[in-house]
Amino acid sequence: MHRFSIGFGKPLWTRVGRDGTEYVLAAIPLGGYVSMLDERAEDVAPEQVHAALNRKPVWQKIAVAAAGPAANVMFALVVYWAMFMVGKPDFQPVIGQVSGLSAEAGLSSGMRVTAIDGVPIDAWSEVGMAIFEGALYRRDVGVSVREPDGTTSEHNVRLGGIGQDIADDQLGALLGLQRLQPALVGQVVAGAAGAVAGLRSGDLILSVDGESVTDFDALRGTLQRQARDGEVALLIERGGERQRLLARPIATVEDGKTVFRLGIGAGFRHDHVRRFGPLAAVPAAINEAWTVTTKSLQFLKDMLVGALSTKHLTGPIAIAQVANLSANEGLPWFLGFLGAVSLGLAILNLLPIPILDGGHILYYLIELIKGSPVSERTLVAGQYVGLAMLSGLIGLAFFNDISGLLH
């Protein structure tokens, strides 16, 4: 090895190891690279010829090229293991308010999703991913549910009829599916009716004037009905104990209608955690890595054949946005994000594009078959082709990122 660099550009810190390898910390922290000792790229001292990459057996060359993606996969497995050890918080897959295509399919509040297209469902994030995937591909989705009375039923959400001109950010409203969101108080506006009544962030509202409240959306409707007489009695749960508070909602006129408000925002509390012990977290991490990898490969294939729009290819801007969102959700979600990015890098580097690890492996496989290395002319031509393909890929990703920001 000639140089091992973390980052690109101007070296900020350099150290030469006993074996002559130059270890570098560079200015641009976007990945890194390994520069191998190779007679085809530079003059190699006679005493170092035995260490040159071009003198190594083909299987060693393949192993060297595959080492980077393998490290990405191992890192993903480690962070997924840590994620399941810490415990990934989520929500129970219980349906809240429905409208649009979900209502047309017969789904209703209180139903618990047990499977989608025959795949068992354990958490609300899995519901969102499966439904959104169906919407992306414009295919109908079968939803299995258990109703509040314990009976089971099957529902078909007709996503196949969604027009291709519908933007991704419009799919949610068209689908009309929300999770059950208990009437948990989040922000309390100072001086508003809720604050005057004594409501605090974290309070759970159970009823208004004796009318039971199932979720935060239902609270709005209940409040409009019960507040017309002025004062309302709120039954809340705080710290495991129930209390009664009296509130006088403030009436405002919106679009010609009188609306009563307490001046509170919705809060949330995770009610489901995927957590495993040290041993059980190992197969869970492997399964998570396998799922992410197969899904990524499927998306990539479908974009190449035109079954999925290339507008879903994203770059560093979108990645930074997702990183921020996952970090706000807590450490387990951020670890899951890191694992997905690491697997994405492994897949990218294994693509058979010259200058990437996958391109080098392709050259070595050709060498294995023909019995001799590919010519330098082929290598140079491949580098130009690889640079053009990679530049196009990066350009498309940046274009999609910027288009997303503008819209």
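Just so it is clear, none of the values below were taken in a lab; they were calculated from the coordinates. What you see is a predicted model; the values in this text were computed from it and never measured. For neighbour counting, all protein chains shown are included, and Cβ atoms are generated from backbone atoms with ideal geometry for every residue, glycine included.
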Before anything else, pin down the relative contact order of the chain: Cα pairs under 8 Å, at least 6 apart, normalised by residue count, whole percent.
17 percent
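So what is the 222 nm mean residue ellipticity for the chain from helices alone, if each DSSP H run of at least 4 adds -39500 (n - 2.57) and you divide by all residues, rounding to the nearest 500 deg cm²/dmol? Intermediate values should be presented prior to the final figure.
Details: 11 runs with 172 residues, N = 407.
Mean residue ellipticity at 222 nm (helix-derived): -14000 deg cm²/dmol.
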Rg and Dmax [Cα atoms of the range 9-155; Å; Rg one decimal, Dmax integer]:
26.9, 81
Quick one: divide the alpha-carbon radius of gyration of the range 175-218 by 2.2 N^0.38 Å and tell me what you get.
1.29
Of ASP90, ASP357, ASP19, how do they rank once you tally other Cβ atoms within 10 Å and put the fewest first?
ASP19, ASP90, ASP357
Exposed loop GluC sites (Glu not before Pro) only (DSSP loop, at most 15 other Cβ atoms within 10 Å): please give the longest stretch of the chain free of them, not including the sites.
43-230
Relative contact order [Cα under 8 Å, 6+ residues apart], the range 326-396, whole percent
21 percent
Relative to the longest principal axis of the chain, what angle (0 to 90°, nearest 10) does the C-alpha long axis of helix 316-329 take?
50 degrees
Under a 10 Å cutoff between Cα atoms, tell me which one of ARG112, ARG244, ARG139 has the largest fluctuation in the Gaussian network model of the chain.
ARG244
How big is the C-alpha Rg of the range 308-407 next to the rule-of-thumb value 2.2 N^0.38 Å, as a ratio?
1.39
For the range 165-267, the Cα-Cα pair-distance distribution in 5 Å bins from 0, as whole percents, is 2, 12, 21, 24, 16, 10, 7, 5, 2, 1, 0
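May I ask for the net charge around HIS272, where only other residues with Cβ less than 13 Å from the Cβ of HIS272 are counted and Lys, Arg are +1 while Asp, Glu are -1?
+2
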Could you compute the net charge surrounding LEU159? Neighbours are other residues with a C-beta less than 9 Å from the C-beta of LEU159; K and R count +1, D and E count -1.
+2
Rounded to two decimal places and with Rh computed the Kirkwood way over Cα pairs, what is Rg over Rh for the chain?
1.09
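Quick one: order VAL385, VAL24, VAL16, VAL143 by neighbouring beta-carbon count within 10 Å, fewest to most.
VAL16, VAL385, VAL24, VAL143
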Count the lysine pairs in the chain whose Cα atoms sit under 30 Å apart, keeping only pairs 8 or more residues apart in sequence or on different chains.
11
